[in-house]
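The block underneath contains the structure these notes are about, expressed in structure tokens.
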There are 2 protein chains.
Amino acid sequence: MTNSTPRQRARLETEAQITRIGNRMLDDDGLDGVSLRAIARELGIVSSAIYRYVKNRDELLTILIRDAFTSIADDVDEALEHDTSVLTVGVTMLSWSRRHPNRWALIYGTPIPDYQAPRDETVVPGTRIMVTLTTLLSQSSPHQTSNSQVPPAHALDPLREGLRELGLEPDDQVIMRTVTVWAAIIGLINALRFGQFGPGIELVEDELMQGLVSTLGY
Amino acid sequence: MTNSTPRQRARLETEAQITRIGNRMLDDDGLDGVSLRAIARELGIVSSAIYRYVKNRDELLTILIRDAFTSIADDVDEALEHDTSVLTVGVTMLSWSRRHPNRWALIYGTPIPDYQAPRDETVVPGTRIMVTLTTLLSQSSPHQTSNSQVPPAHALDPLREGLRELGLEPDDQVIMRTVTVWAAIIGLINALRFGQFGPGIELVEDELMQGLVSTLGY
DNA sequence: GATGTTAGAGAGCAGTGCTCTCATTCATTG
DNA sequence: CAATGAATGAGAGCACTGCTCTCTAACATC
């Protein structure tokens with residue numbers, strides 16, 4: 001006896017198709033191109049029927065966001081197996097962003113208006129790389145002694161609490177370094193992906209990442 | 001004899017009102033809240049009449065973008081008069097972003113889909129801070145000797161050309177340092193404004209900027 | 001085989017940007 | 001000063017979005 005009826009199988013298939021089409025529309029036309037009506041159209045279904053599979057547009061976005069976070073974190077994890085370094089994190093993320101610019105914008109760009117990320121679904125995959133980076137920076141210290149002063153202990157409380165929930169207990173120096181490195185890496189990629197340096201810069205992306213990481217002392 | 005008819009004066013007033021309302025809607029509800037129909041409604045005008053004053057939505061956005069770039073660059077210029085340092089650039093931009101988060105997202109966040117910035121109108125105000133930063137970094141060298149290797153000369157050609165058009169001729173070392181510092185500062189502010197570190201981090205924004213700039217060697 | 005759930009159709013609401021036509025008001029010019 | 005032409009606004013309409021509600025038909029289960 002099969003424990004799945006034809007209807008159940010059809011539903012799973014349709015759900016998978018929806019996320020597939022959604023991801024494709026995101027890649028092709030950006031977030032604005034992701035339209036529930038267009039997906040329904042492509043499924044050969046009337047527009048209202050799509051709501052049998054997806055509560056609303058935000059729920060679809062949550063799926064796409066989770067997918068993207070997972071994809072980039074998987075890439076980073078795999079790359080770190082071959083070479084465990086901050087630079088590897090940077091260039092791997094950079095490479096991923098080059099292949100999926102719209103997905104990058106979805107997870108690291110301007111927050112989507114009115115969208116509220118459901119903690120349970122996106123927080124965990126969304127923090128994977130940061131956790132990895134924190135442990136990485138806990139082990140290796142920077143080549144240059146960074147003279148960055150640590151702010152008053154209580155100021156870092158909320159951040160420390162957030163990291164504790166993820167199973168980490170780094171000291172304040174490491175927290176500060178992590179935040180700095182994190183912001184710098186994402187900032188560089190954002191600046192590149194969003195074209196803030198004008199055209200032509202694509203040719204030196206990797207060199208810029210290398211320069212940045214080495215400037216940060218890693 | 002007045003060189004302006006009542007009609008001309010009314011037009012100027014209406015145009016000013018449109019940008020005023022547009023800016024307010026941007027501040028209040030983000031870019032998605034900026035709707036031509038809503039502006040027309042507030043002007044007591046039928047929706048189609050708004051197109052007598054504004055070619056289309058993109059033209060309004062161009063105005064808002066130019067305004068924002070000018071505003072933040074003015075702030076930076078004024079702050080630098082009192083204290084000429086990289087840190088001042090960073091904290092001033094950070095402070096501006098705190099006061100105008102939606103305007104910040106407009107100019108430094110994810111590019112607006114399908115929007116094409118008209119070179120003549122936005123490029124000049126949009127590059128003011130970067131030009132300032134480049135000259136700043138041309139004069140003062142970093143405290144730590146950054147061991148960032150410079151990429152092959154031709155790779156920086158497009159960037160060098162862009163800077164030349166703005167009246168600058170920095171050497172490659174300075175270009176690399178500028179790009180790095182620029183990306184790091186914007187990246188940190190983006191990460192803060194876009195809530196990538198979770199809630200509670202607002203309390204240490206300035207300290208983070210201080211730490212970042214000092215880590216960069218300034 | 002009756003019952004209840006699920007998938008889908010279809011109409012409709014409110015909102016957006018934008019275009020086109022028509023009327024009215026104003027400014028300029030013969 | 002009267003006529004011409006430009007500027008302003010009204011109104012209807014198109015195409016698109018997310019989303020809701022009601023109804024019907026297919027399917028699964030008891």
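The values are calculated or read from the model by the stated rules, or taken from the named source; none is laboratory data. What you are looking at is a predicted structure, and each value in this text was computed from that prediction instead of being measured. Every residue, glycine among them, receives a Cβ derived from its backbone with ideal geometry; neighbour counts consider all protein chains shown. These accessible areas exclude ligands, DNA and RNA; they are computed on the full protein's heavy atoms, side chains included. Shrake-Rupley method; radii C 1.70, N 1.55, O 1.52, S 1.80 Å.
Laid out as a table, the results:
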quantity	calculated
Where B:Arg160 falls short, out of the listed (1) surrounded by 18 or more Cβ atoms within 10 Å (Cβ to Cβ); (2) within 7 Å of chain A (Cβ to nearest Cβ)	(2)
Wholly enclosed helices (runs of 4 or more DSSP H) of the range A:123-218 bearing at least 3 residues assigned by TED's automatic domain parsing to the domain that holds A:Gly109 and touching a residue at least 40 places away in the same chain (Cβ under 8 Å)	A:172-193, A:205-215
Residue selected from the range B:18-48 under the condition open to solvent by 50 Å² or more (accessible area, probe 1.4 Å) and under 27 Å from B:Thr110 (Cα atoms), by the criterion farthest from DNA strand D (Cβ to nearest atom)	B:Asp27
Some residue of the range B:42-59 being within 14 Å of chain A (Cβ to nearest Cβ), within 12 Å of DNA strand C (Cβ to nearest atom) and closer than 15 Å to B:Ile21 by Cα	yes
Test for B:Leu43: is it of a type outside the set (Lys, Arg), in contact (Cβ under 8 Å) with a residue 12 or more places away in the chain and closer than 22 Å to B:Ala10 by Cα	yes
